[in-house]
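The values are calculated or read from the model by the stated rules, or taken from the named source; none is laboratory data. All values derive from a computational prediction rather than experimental measurement. Virtual Cβ from ideal backbone geometry, glycine too; neighbours counted across all protein chains shown.
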Amino acid sequence: MTVASDRKAIVTGGASGFGLEISRRLRESGARVAIVDISQDHLAHATSALGPGVLPLQVDVRSTQSVRDAVRTATAKFGGLDTLVISAGVIHIKPLEDVTEADWDLTLDVNLKGAFLCSHRAGRSMAERGRGVILHMSSGGATRAHRGNVAYDASKGGIEAMTRAMALDLAPYGIRVNAIVPGLIRTYDISEEAAAERGKVVPMGRLGDAEDLAGPAAFLASEDARYITGACLVVDGGVLVQQRSPAVETFPLDRFPHIGPFRGPW
Ligand SMILES: NC(=O)c1ccc[n+]([C@@H]2O[C@H](COP(=O)([O-])OP(=O)(O)OC[C@H]3O[C@@H](n4cnc5c(N)ncnc54)[C@H](O)[C@@H]3O)[C@@H](O)[C@H]2O)c1
């Protein structure tokens, strides 16, 4: 795989989960990497985990000004920008009747508007040089519903639509735009027993981990993927192609005691 060693990258949500692992992979290939994250604690941990050569930037991706400053800082420091990976995201699982307008706004603002602001601004910087790669993070929820995830699933449906729309608009500038559709990936604390139980819904027999995402991300960012744009690459061990068995459903009704027979207007 041809991952150029002179890459200049920004990874949002780069201080945790997939973003951290993808940043590590890009660093190992010699890229300069700016990790953008809202959490100072995550940034401190990631900076010591990744070592020298990363540029930590505390940024709220919902803020136009902060995003603009971050792209300007990274571009100036690296002498350009050719790779943007968007992994900043939030999820709040709630039954529909408990979802507030604030929940909706937070989820859509971070997951969808934040992805738009970052790619809009970084795309402009890449277009000036006539090349670039943007990678969004979708979810199985974009095309199949997760119970209790109305705002999250809506945000990820938007990510897939936006990926295709941006791919068309940016192709004339030499910029490719793709998305990864991760499955059940273990980036959160969970016991071995619970992980094994949840892994039963996956045809490949286990939950994924962040490293399972890093290879496909590096491929899509590489020259080997030079003719791929507008694609949503599913990386889920086979989850989306199957019919689910209720006995091992990941979002079973008993996790949502409020959701049952219709109990009248809320
Ligand atoms: N883990 C999974 O199973 C899974 C599955 C499908 C899709 N995804 C998606 O992949 C992406 C990464 O997931 P993850 O599990 O690595 O998440 P994570 O929670 O480990 O990492 C997300 C990072 O985003 C940062 N962040 C949150 N709000 C921000 C903001 N306003 N500005 C800047 N940074 C912000 C957080 O501080 C955190 O470091 C998300 O978009 C998520 O929806 C995850």
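A few points about this structure:
- Among the residues listed as Ala196, Ala171, the single one being more than 26 Å from Lys94 (Cβ to Cβ), modelled with pLDDT under 95 and part of a helix (DSSP H, G or I): Ala196
- Ala44 vs. criteria small (Gly, Ala, Ser), surrounded by 21 or more Cβ atoms within 10 Å (Cβ to Cβ) and not in a loop (DSSP other than H, G, I, E, B): no
- Test result for Glu101, modelled with pLDDT under 95 and more than 9 Å from the ligand (Cβ to nearest atom): no
- Any hit, the range 157-164, residues being in contact with an Asp or Glu (Cβ under 7 Å, 6 or more places away or on another chain), closer than 21 Å to Phe219 by Cβ and crowded, with 17+ Cβ neighbours inside 10 Å: no
- Qualifying positions in the range 121-140 - more than 16 Å from the ligand (Cβ to nearest atom) and in a strand (DSSP E or B): Gly132, Val133
- Answer residue from the range 47-59, given it is more than 22 Å from Lys113 (Cβ to Cβ) and either among the β-branched types (Val, Ile, Thr) or near the ligand (Cβ under 8 Å from one of its atoms) (or both) and is surrounded by the most Cβ atoms within 10 Å (Cβ to Cβ) among those: Val54
- From Arg27, Arg62, Arg72, residue being more than 15 Å from the ligand (Cβ to nearest atom) and either surrounded by 15 or more Cβ atoms within 10 Å (Cβ to Cβ) or outside any helix (DSSP H, G or I) (or both): Arg27
- Among (1) exposed (fewer than 15 other Cβ atoms within 10 Å of the Cβ); (2) at pLDDT 95 or above; (3) within 23 Å of Leu213 (Cα to Cα) - the single one Gly79 does not satisfy: (3)
- Count of the range 203-229 residues which are surrounded by fewer than 17 Cβ atoms within 10 Å (Cβ to Cβ) and either within 16 Å of the ligand (Cβ to nearest atom) or outside any helix (DSSP H, G or I) (or both): 10
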